[in-house]
Every structure is written in C-alpha cells, then in structure tokens.
Amino acid sequence: MSDLFDDPREGENAPEFSVTELSGAIKKMIEGEFSHVRIKGEIGRVSFPRSGHVYLDLKDDRSVIAGVMWKGVAARVQTRPEEGMEVVATGRLTTFPGQSKYQLVIEDLKPAGMGALMAMLEKRKAMLQAEGLFDQSRKKPIPYLPEVIGVVTSPSGAVIRDILHRLRDRFPRKVLIWPVAVQGERCAPEVAHAIRGFNQLTPGGALPRPDLLIVARGGGSIEDLWGFNEEVVARAAAASDIPLISAVGHETDTTLIDFVSDQRAPTPTAAAELAVPVRMELLAWVDQQNARLSRALSQGITQRGQRLRDLSRALPRAETLLDGPRQQLDRWSDKLPVALMQGVQRRKTHLSEIKGGLRPTGLRQRIEREQRELAKVSPRMNTAFQRDVRLKRDAFDRLSKRLSDAGGRQLQGWQQQLEAMDRLRETLGYKATLQRGYAVVRGDGAVVTTGAAAAQATTLEIEFADGRLDVSDKAAGPGGSEPTAAKAQAPTTTKARPKATPPKPEQGSLF
C-alpha cells in the first residue's frame, strides 16, 4: 500500500492510480482481512452451469452477498443448494475485478440446523406430491412369491444379514445384492444408480432381473438418512418398473423414498416379511385346501348318488314302457292285409270308370271336332303371318339400304383421308424436292451433307429426280493420273431417260 500512496505530484492534491492497481489493492485488503469466514443466510438465486460450478446468492432481510462453489467443492458438498434454504457457508471473501464486485468462495455448505433441513424436506415433498408421485393409483402390487429379490443396501451392515436370515426362515429365495453407501455424499447417486441398474437387467438373461426390489438401511439421525430424501432417489424409485419396498430407518423414521415406493416397511426385517410368505404356513394352507377339496368332492359324489337312486325309484320298469307299443303293433299288423285288399279293389273300380269314357267312337268324334276348329282358325293365322312377314321384310330392306349407304360414306371418307395423307407424304418427301432441281449426294452408302464428308468418301452417288449417277475415282490417284470418266447409272425407272438439262446458275456445278 505504501507504493500507492506516495507524495502527490507538484500542483496536485491526490495521487493517481490505474484501475488495475486500485482493484488489486482492494483485493489484497479484503482477502487479508477476511481470509476465512462463516456466513449464515438464506440462499437466493442459484444457477448450475454446464461447467460444474455453482453460483448463488446469500441474503438476509437487508443485504445480499454473491457466492461461488467451484466444481470440485460442489461435487463434495453433501447438501445440494436450493433457493430458500437457510445455510451456513464457510469460505474466503475475495473480489472479482472484472465486474468490480466482491464474492464469497464457498468451501463448505451446511444447512443451518434441523429446522432448515425439515423446511427443505417439506418443500421437496410438496413438489413431488404436486407431480403425482405419491398417488396410490400409480403404485404397483407386490408379487406374492417372487423368484428373485434385489436388495439395495450396504453389504457390510447388519441390515443385509437380517434380511437374508428372515428370508431363509420364511421362504428361501434367490437374492441379488447391489452394494451402495447408505449415508454420506455418495449415498443418493449410488442408490439411484442401483435402482435404475436393476430395472435395466434383461428378463431371462445370464443375470436374472429381480421380481421385487428392497431398499434398506438401519436407523439413524436425519442427517444420516438424508441421502434417501434426495430428489434423485425419489424419482428413481418412482420410475422403477419393478415393485419396490422401502425399509429405511426405524418405524418412526420417514424419508421421501417411503412416499414414492410401492410399499413401506417399518424395518428391514419387516420388508423381508412383506416380500415372501411363510413356507410352512403356505404348505399348511395348501394341505387344508386339499382336504377341503377332497371333502367337497366326496360329499358331491355322495349327494349325486343319493339323488340318482331317488329318481330311479320314481321311474317305471322298461318292460312296462314297451307293453303299450307292442300291443298297438299287433293290432295294426292284423288290419294291414284287409286294408291292402280294399285299396286294390278301390283302384280297380276307378280304372274301369275311366276306361268306359274312352270308347273309340267318342275319341274319333272329339278328333274330328278339333280338326274343324283348326280349319276355321288356319286362314286367319296364315293371313296374319304373311302380313307380319311382309312388314319384317320391308323393315329389313330399309335397314339394309341405310347400312349400305353408311358403309359407302365411311369408305369414301377413309379413301379421301388416305389420298390426303398420300399427298402429304409426297409433299414432305425428298422426291418432291428433287423435282425442284435439287440432288441427294451419298458417300459409301450414307447421305453426305458437308464437303469434308464428301472428300473422305471413297465412292459418291448422286440422285436426281429422274435417276442416280455413280461417281468413281473422284480424284487423281497416287501416281498423278487423271481421274477416269464418270459412269452414269441407268435411271431406276423404266421410262426413257430424258436429256440432261444444264444446271441452274444458283446451284453451281457438282464437279
């Protein structure tokens, strides 16, 4: 500080400082006077950035002090800071020159007495209850006789021995133990990880998935049991797909996991009793039910036998039931021959009556009468038939003429279309172009459209309107000889070849 307060310059009343010098002097003074302090206050604003550090405010009714917990301290502190919690913070006071502010670098953070812990517990409990994690509708039933039981507890305490001993006495089952710390800063994350780990096991795998979970711990103070009041443990227990029994502390101890679990046991031993029935009692109950079933079956058979005998005494004998039908059969057998003879005689009489009405004279007269009726009707039928035939023939002639006319018109239309298309073909074809004085040059059988292609072709053929002309050896050979005369190809048509007319001036000579 002596360097900062030298004698003032001549003509000035106070020394000059740079901003960094003044900030450093303030920092040294505050850190020297308040190297280690304990502050009691209420936590205000809290933020947890991804860096792992924790930034918070400590306040009372009149003042606010900013605080910071570095990543390593935040991971070691047992109490997670929450807004509104009353705490005692231990650390050193320093300044932050970048913002001209002072802050407390917290090295330890603890709740300010039992009241603060209970207030924080009630606040957390109200929050979870508002989310519906305590509702009875979401609790799962405890299996009556689980095959595998998972236990989350300390492997070295008396709790696991009590649970195993009680299970062995009541009904031996397979037990999987997930060792965890049951108090301290590692308690909450390890218990939550154990619950999630049991739920992630595959049913029927090499390590069987438990049918029931027991989270157990012996008694202790509220600070010792505080790991089971953490929000991460409560949410893990609520999200468990496996039914869960909480057995934390004694009967008077209550933690948040007791409210979200599917069933709460007052002690770890009671949890084992809730998990499985007593094997001997179950065997006795099975024997009792077997005896009741045997008695019920025996009584049912006896009662039904007695009922059957009572009904059999009321039924008549089989011989008595057949006496009436036998007598009726004998009476009908005696009447059958007489009835057959009477039926035959009655049908003979009816046939004779019909035969008398079919005499030859009467039949011939009936035929003659029908012929006369037919002769009367025949002329009328012939006249009507001829008239109908004539009308049908006239209609047929008219339809034939209409069909013939329509066919002729359609054929004429098709002929006209064909002629128009043929004229169009002639117009669009290159033959009509040849008539106007043009020619088609082919080289080696392909049409030549450029001078370079004509120069490369070995043979040239020129097609005019009246025929084709083959041109061979269109240039001098290697020895410098003159080109041979061109041989004219006869026209492709059978008509006489007309005299060649001189080319038009605008076309130019092809040679």
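The values are calculated or read from the model by the stated rules, or taken from the named source; none is laboratory data. Note that this is a predicted model, so its numbers are computed, not measured. Glycine gets a Cβ as well: all are built from the backbone with ideal geometry, and neighbour counts include every protein chain shown.
Whether any residue in segment 207-218 is more than 25 Å from E281 (Cα to Cα), touching a His at 6+ places or on another chain (Cβ under 9 Å) and either hydrophobic (A, V, I, L, M, F, W, C) or in the same structural domain as A239 (by TED's automatic domain parsing) (or both) is what I want to check.
Checked against the condition, which is being more than 25 Å from E281 (Cα to Cα), touching a His at 6+ places or on another chain (Cβ under 9 Å) and either hydrophobic (A, V, I, L, M, F, W, C) or in the same structural domain as A239 (by TED's automatic domain parsing) (or both), segment 207-218 yields at least one hit.
Among the listed residues L351, L322, L336, which satisfies the condition of being in a helix (DSSP H, G or I) and at pLDDT 85 or above?
Just one listed residue meets the conditions, L336.
Inside segment 74-93, can you point out the residues that are at pLDDT below 80 and polar (S, T, N, Q)?
Result: Q78, T79.
For V105, all conditions in the list (1) under 18 Å from P268 (Cα atoms); (2) touching a Leu at 6+ places or on another chain (Cβ under 9 Å) hold save one; what is the number of the exception?
That leaves (1) as the condition not met.
Based on this model, can you work out whether V87 counts as among the β-branched types (V, I, T) and within 23 Å of R124 (Cα to Cα)?
Considered against the rule, which asks whether it is among the β-branched types (V, I, T) and within 23 Å of R124 (Cα to Cα), V87 comes out as yes.
In segment 151-177, what count of residues is obtained for those that are at pLDDT 90 or above and among the polar types (S, T, N, Q)?
So the answer is 2.
Does segment 290-308 contain at least one residue that is surrounded by 14 or more Cβ atoms within 10 Å (Cβ to Cβ), at negative phi and either in contact with a Cys (Cβ under 9 Å, 6 or more places away or on another chain) or of a type in the set (A, V, I, L, M, F, W, C) (or both)?
No, that holds for no residue.
Would you pick out the residues in segment 32-76 that are assigned to a loop (DSSP other than H, G, I, E, B) and either aromatic (F, W, Y) or without any contact (Cβ under 8 Å) to a residue 40 or more places away in the chain (or both)?
Within segment 32-76, F34, F48, P49, R50, S51, G52, H53, D60, D61, R62, S63, W70 meet the criteria.
In the set P316, P277, which member is out of contact with any strand residue (DSSP E or B) (no Cβ under 8 Å at 6 or more places or on another chain), outside the structural domain of T202 (by TED's automatic domain parsing) and not in a helix (DSSP H, G or I)?
Residue meeting the stated conditions: P316.
Checking the condition in contact with a Ser or Thr (Cβ under 9 Å, 6 or more places away or on another chain), more than 20 Å from M120 (Cα to Cα) and of a type in the set (S, T, N, Q), which residue from N199, N229 passes?
One residue alone meets the criteria, N199.
For the list (1) part of a loop (DSSP other than H, G, I, E, B); (2) at pLDDT 75 or above, I need the number of the one condition that E12 fails.
With respect to (1) part of a loop (DSSP other than H, G, I, E, B); (2) at pLDDT 75 or above, E12 is out only on (2).
Can you tell me which residue in segment 226-235 is modelled with the lowest pLDDT, limited to those that are more than 12 Å from V152 (Cβ to Cβ) and in a helix (DSSP H, G or I)?
Among those that are more than 12 Å from V152 (Cβ to Cβ) and in a helix (DSSP H, G or I), it is W226.
Does Q99 satisfy the criteria of being at pLDDT below 75, outside the structural domain of F228 (by TED's automatic domain parsing) and in contact with a helix residue (DSSP H, G or I) (Cβ under 9 Å, 6 or more places away or on another chain)?
Here the answer is no, as Q99 does not meet what is asked.
Could you grab the pairs with beta carbons closer than 7 Å, sequence gap of 6+ or different chains, first residue in segment 429-453 and modelled with pLDDT of 80 or more and part of a loop (DSSP other than H, G, I, E, B), second one of a type in the set (D, E) and surrounded by 13 or more Cβ atoms within 10 Å (Cβ to Cβ)?
The qualifying pairs are A439/E463.
What number of residues within segment 212-235 satisfy the criterion of being surrounded by fewer than 24 Cβ atoms within 10 Å (Cβ to Cβ), in contact with a helix residue (DSSP H, G or I) (Cβ under 6 Å, 6 or more places away or on another chain) and under 29 Å from E147 (Cα atoms)?
2
Quick check on my filter: what residues within segment 236-267 are buried (at least 19 other Cβ atoms within 10 Å of the Cβ), of a type in the set (A, V, I, L, M, F, W, C) and either at pLDDT below 90 or out of contact with any Pro (no Cβ under 9 Å at 6 or more places or on another chain) (or both)?
Listed by number, the residues that qualify are A236, A237, A238, L244, I245, L256, I257, V260, A265.
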